[in-house]
């Protein structure tokens with residue numbers, strides 16, 4: 001029997017690569033004769049570079065860039081990051097420079113995406129003709145202004161001081177930033193299709209998880225609308241412009257294109273081909289809930305499995321949907337670490353618990 005293992009990260013506990021390896025160990029414990037193929041996945045958020053490196057190989061370039069905290073604020077002003085170079089393409093993970101794990105989910109309006117701009121600049125300097133930026137997991141809501149500033153854009157307000165400092169922005173000169181990326185194809189890989197501002201924009205949809213209360217969400221949303229008026233209001237309405245606190249918008253302003261992050265990774269790792277040769281597809285993530293249907297890895301993997309007429313089951317830290325909803329999301333089964341082993345073990349020993357859960361699942365699904 002051939003088993004395809006294609007999980008996302010288990011946020012806060014396991015990377016996608018670690019999760020895939022843990023599932024394989026557990027499955028082989030019960031069914032050592034089965035062939036297990038690993039295809040760890042990402043939707044553009046944390047783990048984007050690791051997942052692609054595991055599947056594509058390529059060269060990793062270690063760099064140090066500005067973190068989300070402004071100079072003088074609490075926190076490190078420089079953070080380590082890694083570029084993946086594969087042929088003429090560079091893959092960049094925005095969360096490495098402005099991720100919510102670097103901000104603690106607080107004061108998102110004060111944090112900057114300047115480090116992501118520095119990553120793009122490093123990729124161009126390394127000779128990349130195509131730069132793919134994975135968007136997701138950011139702790140920022142600055143409309144990508146910090147990225148633009150790092151590439152040389154100028155304005156009548158500070159662009160690298162967070163969304164709260166965009167108040168009153170009227171003029172933005174994008175010419176220096178566009179000159180840096182002339183001749184380079186920019187791609188924004190994201191799991192959300194939110195516009196920059198408005199009811200479903202970056203601040204109002206994702207601001208709470210970045211530490212913005214309702215009042216701050218309204219204020220920052222207004223500043224993002226001012227940024228749109230000063231640059232390109234039409235692009236601000238494009239799907240994905242609000243991704244990663246507006247980083248999608250900045251990349252669109254520089255001539256970039258937006259693609260679904262899951263689809264990009266799935267194509268890169270050959271997920272559809274793997275699924276056609278599998279007997280069952282296993283996916284997973286930290287919390288399997290209704291948000292999993294909107295561009296997230298499990299729903300994407302389930303759709304690929306369905307296209308190949310293969311069953312798909314999900315192993316998750318928690319399963320927060322019922323059987324009917326699970327099947328509506330394309331899953332033939334859903335199994336929870338917390339339900340099987342309790343919350344304490346699920347968080348204290350996530351790899352061991354996931355391996356044990358995979359062994360249990362193999363007893364049901366392996367030939």
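Since every read-out is calculated from the coordinates, none of them should be taken as a lab result. Everything numeric in this text was worked out from a predicted model, so none of it was measured. Note: ideal-geometry Cβ built from the backbone for every residue, glycine included; neighbour counts use all protein chains shown.
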In a Gaussian network model of the chain with springs linking alpha carbons closer than 10 Å, the residue among 269, 297, 220 that fluctuates most is 269
Nearest 10, in degrees from 0 to 90: the angle of helix 114-125 to the longest Cα principal axis of the chain is 80
For the stretch 48-262, Rg(Cα) over 2.2 N^0.38 Å is 0.91
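As a check on your grasp of the helix formula, calculate [θ] at 222 nm for the chain: sum -39500 (n - 2.57) over DSSP H runs of n ≥ 4, divide by the residue count, round to the nearest 500. Kindly include the intermediate steps, with their values, before the conclusion.
Values: 18 runs with 148 residues, N = 367.
Rounded to the nearest 500, the figure is -11000 deg cm²/dmol.
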With Cα coordinates, the longest principal axis of the chain makes an angle with the long axis of helix 350-365, in degrees rounded to 10, of 50
In degrees, nearest 10, the alpha-carbon axis of helix 297-307 is tilted away from the dominant principal axis of the alpha carbons of the chain by 60
Mean Cβ-within-10 Å packing, highest first, puts peptides 150-161, 270-281 in the order 150-161, 270-281
In a Gaussian network model of the chain with springs linking alpha carbons closer than 10 Å, the residue among 83, 199, 253 that fluctuates most is 199
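Counting only C-alpha contacts under 8 Å and six or more residues apart, can you give the relative contact order of the chain as a whole percent?
Relative CO of the chain lands at 19 percent.
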The stretch 229-367: relative contact order from alpha carbon pairs under 8 Å, six or more residues apart, as a whole percent, is 16
